[in-house]
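Worksheet: one structure, shown below.
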Amino acid sequence: MSTSHIFSSSRVGLQPDGGILRYTLSERVHHWVAAITYAYCLWTGLAFWSPYLFWMAIVVGGGPSARFWHPWLGLAFAASTGWLYLIWRRDMSITPEDIAWKDKVEYYIRNEDENLPPIWRFNWGQKLYFWLIVYGAIALVISGVGLWFVESIPWSWRWLRYLSVAIHVTAALFTIGGFIIHVYMGTAMVRGGFTSIIRGEVSPAWARMHHRLWYNQVMKGSTDRK
Amino acid sequence: MSQATLNIVKISGHAGSVPGAGVERAEQVCKLVDTTTCIGCKACEVACLEWNGYTFTETTFDNTYQTMPETRWNYWNLIKFNEHEREDGTMMLLMRKDQCMHCAEPGCLAACPADGAIVQYQNGIVDFQQANCIGCGYCVSGCPFNIPKFNSETKKMFKCTLCSDRVSQGLEPACIKACPTGCLHFGTKDDMSFLAEKRARQLRDNYGFDKAGVYDPAGVGGTGVIYVLHDVTDPQAYGNLPKDPHIPWIVQFWKGPAKWIGNLAMIGGLIGVTMHYLRWGPKRVEGSAHPNDNLGEH
């Protein structure tokens, strides 16, 4: 195996084997750290949310254990999300092409993709989910620290205790909404999407269909952003 | 304490009904604290430590007679000392025995997510069951009196038990037993309310405390600890005793309507994506022979 193959996996673009690298190894690792830590916090968070779901804490080791790990894995989720923010924030800014795409999103929902205008590396929905998670992570971490150290908030500042509850629950519900759609689209709806975040590669046909402008850019041999 | 006991009427974080609730009858128990006859001797603080097996911990001096600023996980009973200037310019030293109020509608129990970590007995005592406590601190947000405290070593919450162990054996709480002035009384809620009202009337009629009255706040359904105050219109003067305590409205919303809104939204989301799949199905790359593009296809 030549070393060029190892290095090629760190750059998005056309690969020697004819596939297109959509996500680098580093991007995939951080995505999955964020995904697994979020899933744990979602699972244990739902246990704390409703008595009818408290069994969820039991099956992952019990209530005290869930309460101990939830904030720490929450911090890991925020850290990996912060890293994804640093590398994806420019790719995720909304462009005029996205606005044109958004206006025809009904065709996307109905799988009539031939009627959609071409777009770059990420579509409008992906970008929306990205910013939902970035701002959601910020809100969850700040309010989560308030819940974690609730007794350290002085009695005269107790409105902060209540605000922490309100923000944590609200932010959690919004991210759960996005998460349901994200998991559905990534696993069941958009064929080829799940393998791309596992092994990193998509086929040229896939890239051409879903991200035409990005595909053109990749085929020109350039990985520069537009 | 087992959840199966027939003496429990409310269980925190509990899915479904409360087994045995209403099977046995019990009198509502109540502590009466007459702040007008408290001399600040702190015998109740010591008795509480002794009965519950705690050693005397480090105190915090803040230029008052008070032992420490607020109760701790292993210090459940604290006399709060407050200098109060009356309308005529004279000074009063107000002394109030601070502790869990044993609310009829406990905010701690409403906020608690752990099954059976907080229970309310038929006699009105609200008790923490540390074996079931997960140490989340939600009870801290739910309590309108700033009472539950966290032990960071065992990761469990603690507070006054109203000596539920003594009361179940027909004894009065340790603090009551130790009080040398008769400022503390223990009995049924009816008897204590009667005694408290009688004392308040005496203060109004014979001692010139026109605003004397009984503190038994309706916002939490009444409490298992009631106070006789010289001035019932100004409970804050007694060291942050809230004028109209109730479960914080955010906690009420969180544990009430938010639960339904959130559950419907989550279930709606799951139904939504399922319906999308059934109606429109997967998004395929037309004509592609690449295995990645045909995952799950036959």
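Mind listing just one residue for me: the one in the range A:16-42 that is in a helix (DSSP H, G or I) and of a type in the set (D, E, K, R) and, of those, surrounded by the fewest Cβ atoms within 10 Å (Cβ to Cβ)? Within the range A:16-42, the match that is surrounded by the fewest Cβ atoms within 10 Å (Cβ to Cβ) is A:28.
Does the range B:170-188 contain any residue that is among the aliphatic types (A, V, I, L, M) and within 14 Å of chain A (Cβ to nearest Cβ)? Taking every residue of the range B:170-188 in turn, none turns out to be among the aliphatic types (A, V, I, L, M) and within 14 Å of chain A (Cβ to nearest Cβ). Scanning the range B:18-65 for residues that are among the aliphatic types (A, V, I, L, M), part of a loop (DSSP other than H, G, I, E, B) and surrounded by 12 or more Cβ atoms within 10 Å (Cβ to Cβ) returns B:18, B:21, B:26, B:39.
Scan the range B:177-186 residue by residue and report those that are surrounded by 18 or more Cβ atoms within 10 Å (Cβ to Cβ) and either at pLDDT below 95 or over 14 Å from residue B:125 (Cβ atoms) (or both).
If the condition is that a residue be surrounded by 18 or more Cβ atoms within 10 Å (Cβ to Cβ) and either at pLDDT below 95 or over 14 Å from residue B:125 (Cβ atoms) (or both), then B:178, B:179, B:183, B:184, B:185 are the ones that fit.
Per this entry, residue B:290 is counted among residues that are surrounded by 11 or more Cβ atoms within 10 Å (Cβ to Cβ), farther than 30 Å from residue B:143 by Cα, within 8 Å of chain A (Cβ to nearest Cβ) and at pLDDT below 95. Which residue pairs have Cβ atoms under 6 Å apart, sit 6 or more places apart or on different chains, and have a first residue in the range A:144-167 that is more than 8 Å from every other protein chain (Cβ to nearest Cβ) and a second that is surrounded by 17 or more Cβ atoms within 10 Å (Cβ to Cβ) and assigned to a loop (DSSP other than H, G, I, E, B)? As it stands, the answer is A:160/A:153, since those pairs meet every condition given.
For the range B:235-254, the set of residues classified as modelled with pLDDT of 95 or more and at the interface with chain A (Cβ under 10 Å from one of its Cβ atoms) consists of B:248, B:249, B:250, B:251, B:253, B:254, listed by residue number. Quick check on residue A:137: is it in contact (Cβ under 8 Å) with a residue 60 or more places away in the chain, within 11 Å of another protein chain (Cβ to nearest Cβ), crowded, with 21+ Cβ neighbours inside 10 Å and not polar (S, T, N, Q)? So residue A:137 does not fit the description; no.
When the range A:112-126 is limited to residues that are under 22 Å from the mean Cα position of the chain (by Cα) and assigned to a helix (DSSP H, G or I), the one that is farthest from residue A:91 (Cα to Cα) turns out to be A:125.
For the range B:218-249, enumerate the residues that are free of Cβ contacts under 8 Å to residues at least 40 places away in the same chain, among the hydrophobic types (A, V, I, L, M, F, W, C) and part of a helix (DSSP H, G or I).
B:218, B:249, listed by residue number.
Out of curiosity, is residue B:153 surrounded by fewer than 20 Cβ atoms within 10 Å (Cβ to Cβ), in contact (Cβ under 8 Å) with a residue 12 or more places away in the chain and more than 22 Å from residue B:241 (Cα to Cα)? Considered against the rule, which asks whether it is surrounded by fewer than 20 Cβ atoms within 10 Å (Cβ to Cβ), in contact (Cβ under 8 Å) with a residue 12 or more places away in the chain and more than 22 Å from residue B:241 (Cα to Cα), residue B:153 comes out as no. Among the residues of the range A:90-119, what is the count of those that are away from every other protein chain (no Cβ under 14 Å) and touching a residue at least 12 places away in the same chain (Cβ under 8 Å)? The number of residues fulfilling the criteria is 16. Looking only at the range B:137-171, count how many residues are more than 23 Å from residue B:50 (Cα to Cα) and aliphatic (A, V, I, L, M). Qualifying residue count, the range B:137-171: 1.
Residue B:144 satisfies every condition listed in (1) within 14 Å of chain A (Cβ to nearest Cβ); (2) within 15 Å of residue B:12 (Cα to Cα) except (2).
Could you pull out the residue among A:35, A:66, A:57 that is closer than 17 Å to residue A:177 by Cβ and of a type in the set (A, V, I, L, M)?
Selected residue: A:35, the only one of A:35, A:66, A:57 that is closer than 17 Å to residue A:177 by Cβ and of a type in the set (A, V, I, L, M).
Does the range A:174-187 contain at least one residue that is of a type in the set (Ser, Thr, Tyr), part of a loop (DSSP other than H, G, I, E, B) and at the interface with another protein chain (Cβ under 8 Å from one of its Cβ atoms)? Within the range A:174-187, not a single residue is of a type in the set (Ser, Thr, Tyr), part of a loop (DSSP other than H, G, I, E, B) and at the interface with another protein chain (Cβ under 8 Å from one of its Cβ atoms). Might you check whether a residue that is under 30 Å from residue B:85 (Cβ atoms) and within 14 Å of another protein chain (Cβ to nearest Cβ) occurs anywhere in the range B:152-161? Taking every residue of the range B:152-161 in turn, none turns out to be under 30 Å from residue B:85 (Cβ atoms) and within 14 Å of another protein chain (Cβ to nearest Cβ).
The values are calculated or read from the model by the stated rules, or taken from the named source; none is laboratory data. Note that this is a predicted model, so its numbers are computed, not measured. Cβ atoms come from the backbone with ideal geometry, glycine included; neighbour counts cover every protein chain shown.
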